[in-house]
1. Looking at (1) hydroxyl-bearing (S, T, Y); (2) open to solvent by 20 Å² or more (accessible area, probe 1.4 Å); (3) part of a helix (DSSP H, G or I), which is the one condition that is false for S347?
2. In the range 253-295, what count of residues is obtained for those that are closer than 17 Å to A224 by Cβ, open to solvent by less than 20 Å² (accessible area, probe 1.4 Å) and not β-branched (V, I, T)?
3. Yes or no: the range 205-216 includes at least one residue that is open to solvent by 30 Å² or more (accessible area, probe 1.4 Å), at negative phi and charged (D, E, K, R).
4. Among the helices (runs of 4 or more DSSP H) contained in the range 247-334, which hold 1 or more residues that are within 15 Å of A21 (Cβ to Cβ)?
5. What about W69, is it within 28 Å of R236 (Cα to Cα) and in contact (Cβ under 8 Å) with a residue 24 or more places away in the chain?
6. Mind checking whether some residue in the range 313-326 is surrounded by fewer than 16 Cβ atoms within 10 Å (Cβ to Cβ), without any contact (Cβ under 8 Å) to a residue 40 or more places away in the chain and of a type in the set (S, T, N, Q)?
7. Would you please name the residue that is modelled with the highest pLDDT, looking only at residues in the range 95-119 that are outside any helix (DSSP H, G or I) and either more than 23 Å from I177 (Cβ to Cβ) or among the aliphatic types (A, V, I, L, M) (or both)?
8. Might you let me know whether the range 181-200 holds any residue that is surrounded by fewer than 16 Cβ atoms within 10 Å (Cβ to Cβ), free of Cβ contacts under 8 Å to residues at least 60 places away in the same chain and among the charged types (D, E, K, R)?
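The values are calculated or read from the model by the stated rules, or taken from the named source; none is laboratory data. Note that this is a predicted model, so its numbers are computed, not measured. Note that each Cβ is placed from the backbone with ideal geometry, even for glycine, and that neighbours are counted across all protein chains shown. Surface accessibility is based on the protein's heavy atoms, side chains included, excluding ligands, DNA and RNA. Shrake-Rupley method; radii C 1.70, N 1.55, O 1.52, S 1.80 Å.
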Amino acid sequence: MSAVKTRFPPSPTGHLHLGGARTALFNWLFAKHHGGAFLLRFEDTDRERSKQEYVDSIKEALEWLELFWDEGPYFQTQRLEIYADYAQKLFEEGKAYYCECSPEVLEEKRKKALAEGRKPKYDGTCREKGLGPGPGRVLRFKCPQTGTTVVEDLIRGAVAFENQELDDFVLVRPDGIPTYQFAVVIDDLTMGITHVIRGDDHLSNTPKQILLFEALGATPPKYAHVPMILGPDGSRLSKRHGALSILAYRDEGYLAQAMRNYLVRLGWSYGDQEIFTLEEMIEKFDLSRVSKSPARFDPDKLLALNAHYIRQEDTERLAEMVLPFLLRLGIKIDNPKDEKFLKAVESVKPRARTLKEMAEMMAFYFVPEVEYEEKAARKFLKPDILPVLEELLDALKNMPAFEEKALEDLFRGLAEKHQLKLKHVAQPVRVALTGRTVSPGLFEIMDILGKETVIKRLEKALQHIREAS
């Protein structure tokens with residue numbers, strides 16, 4: 001195989017979403033697997049909808065996923081002279097012609113074709129008029145009217161299109177701006193793209209693009225059309241399925257490696273393996289293992305995968321990653337390498353599914369005072385537990401070794417003395433210390449909070465019980 005070069009050509013008219021990110025990932029992996037290059041190109045000829053903020057957002061999302069491009073980014077609006085030169089070449093060689101049919105006339109033709117049960121394609125009115133450029137005129141490709149164009153798809157196999165079903169599509173609009181069909185071919189040709197991997201919604205565009213390559217005397221790249229991503233209900237994936245932009249997932253506390261792992265498994269497999277490092281993806285990725293059937297988005301599976309990667313992550317690195325999420329809660333950590341902070345991270349690491357959730361779970365360690373969940377306080381901070389908590393408080397104040405094993409022995413002894421189950425002592429204390437009924441292990445959090453904070457929070461809980469009774 002000659003030197004492989006793939007590309008990812010988003011339109012900067014919105015943020016990068018799951019489908020586009022998977023396309024970028026597949027192109028990036030294919031290039032890296034073959035020791036080739038990955039190129040980034042922005043198709044920004046829609047001047048009204050294309051915005052710099054989306055360019056920046058897409059680049060930021062790719063960088064977060066670590067899909068770094070080897071070439072680019074290129075912008076189609078900076079290449080208009082190149083398209084004009086190729087358009088002139090096609091016109092001079094009689095492979096394209098100017099059309100003066102107005103939008104109103106074209107609409108009438110479309111309606112008439114539909115009424116007569118015909119495919120609404122351009123009927124070639126101006127094909128042999130010999131018109132030159134002029135106001136309001138478009139340049140059309142002179143499509144072959146006989147024969148077959150075969151797409152040798154690397155995923156689907158051979159797909160044949162009858163040329164008579166294709167119309168003389170527009171190459172250049174009246175304002176000189178190239179259409180998608182034309183610009184993408186010129187870009188792929190001049191940039192040396194060898195493989196085009198994209199969603200199968202582009203399959204119907206491919207015969208037109210192949211014919212353009214042939215008209216220019218060039219060899220088309222190899223094409224691979226990946227089945228679409230569907231929602232859990234089998235319909236096309238959309239926001240109503242809860243699918244977010246890639247950066248929104250980042251901001252919700254998903255890890256880049258979890259997102260990459262999830263995306264690569266949307267339509268690609270390698271035996272029964274579910275978890276892949278980036279190095280393994282590069283080593284094993286091959287188009288022959290891409291499914292011909294659509295993939296289904298499963299938000300629960302993505303969440304579970306993220307939880308797996310959080311558990312596997314180095315604690316010190318995780319501590320750095322959770323800082324911005326704590327800051328959103330108004331908690332600023334001055335030293336993320338502090339032993340107490342690292343212990344706090346370690347305590348919630350097995351339980352958190354996202355970094356946002358992790359921050360929320362560990363916030364109680366660092367607030368001056370905890371707020372009790374109403375239901376938790378009503379159920380566990382009741383007058384009947386008051387004598388037990390008062391005795392516990394006295395024992396804690398006089399406790400020489402404030403550590404997990406000694407704390408557990410104290411609780412067990414207290415529960416046995418008052419003929420209670422351990423949980424009937426532990427849960428009120430958990431609510432007193434954390435404000436909630438679910439937390440890391442009680443003796444673990446007491447050790448992390450430290451004696452002074454534990455005593456202070458227990459005293460507050462006792463006061464709360466007395467005032468409420």
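1. (2)
2. Of the residues in that region, 8 qualify.
3. Scanning the range 205-216, I find at least one residue that is open to solvent by 30 Å² or more (accessible area, probe 1.4 Å), at negative phi and charged (D, E, K, R), so the answer is yes.
4. In the range 247-334, 256-264, 278-284, 299-312 are the helices (runs of 4 or more DSSP H) which contain 1 or more residues that are within 15 Å of A21 (Cβ to Cβ).
5. no
6. Looking for residues that are surrounded by fewer than 16 Cβ atoms within 10 Å (Cβ to Cβ), without any contact (Cβ under 8 Å) to a residue 40 or more places away in the chain and of a type in the set (S, T, N, Q), one finds at least one in the range 313-326, hence yes.
7. Restricting attention to the range 95-119, the residues satisfying the condition of being outside any helix (DSSP H, G or I) are 95-102, 116-119.
Of the ones still in play, those that are also either more than 23 Å from I177 (Cβ to Cβ) or among the aliphatic types (A, V, I, L, M) (or both) are 96, 116-119.
On the way: A96: 98, E116: 87, G117: 86, R118: 86, K119: 85.
Selected residue: A96.
8. Scanning the range 181-200, I find no residue that is surrounded by fewer than 16 Cβ atoms within 10 Å (Cβ to Cβ), free of Cβ contacts under 8 Å to residues at least 60 places away in the same chain and among the charged types (D, E, K, R), so the answer is no.
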